[in-house]
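The values are calculated or read from the model by the stated rules, or taken from the named source; none is laboratory data. Treat the numbers as computed from the prediction; the structure is a model and nothing was measured. For neighbour counting, all protein chains shown are included, and Cβ atoms are generated from backbone atoms with ideal geometry for every residue, glycine included. Keep in mind that these areas ignore ligands, DNA and RNA; they rest on the heavy atoms of the full protein, side chains included. Shrake-Rupley method; radii C 1.70, N 1.55, O 1.52, S 1.80 Å.
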Amino acid sequence: MYNAKFVIPGAIIFVGLFTAPFWTNVFSAKHEAVKLELPQKPVTFFGEERTQCIEPREWMAANHMEMLIEWRDKALRENKRIYVATDGRKWETSLQNTCMACHTNKAEFCDKCHTANSVSPYCWDCHVEPQGNK
């Protein structure tokens, strides 16, 4: 190999610099989950008092945005405004009437997690943002 005394150290330096972000994350402090303010009182939907979320907590944390996009598409494009959860309960497909009925404090629920994860959702481009909870 020509110029091996330059190529090999150069390749090692390149690999080290290229993988530096990975190694920094591996050895840095672990990310802690954001502590969210959860609803304190039951809400009535379809004549039934409910204290649990639409889907299990872990599923909602990972998939709520996909669910909201699906709700939007079905409600606006297909006029289907009822969501049947995995446990068989029915919910109205509405950010403001369903989600915000329980999670009333946007600043303590939505914003806290979105800010910690550097996410800027576009929900409030169309929906009216709850007043007094900014």
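Structure values in brief
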| quantity | calculated |
| --- | --- |
| Residue list for the range 83-134, restricted to those being aliphatic (A, V, I, L, M) and open to solvent by 90 Å² or more (accessible area, probe 1.4 Å) | Val128 |
| Pairs, first free of Cβ contacts under 8 Å to residues at least 40 places away in the same chain in the range 49-77, second small (Gly, Ala, Ser) and not in a helix (DSSP H, G or I), C-beta under 8 Å, six or more apart | Glu55/Ala85; Trp71/Ser94; Ala75/Ser94 |
| Lone unmet requirement of (1) at pLDDT 90 or above; (2) over 30 Å from Lys30 (Cα atoms); (3) under 16 Å from the mean Cα position of the chain (by Cα) for Gly88 | (3) |
| Candidate set: the range 44-59, residues that are under 20 Å from Thr104 (Cβ atoms) and among the aromatic types (Phe, Trp, Tyr); chosen: the one surrounded by the fewest Cβ atoms within 10 Å (Cβ to Cβ) | Phe46 |
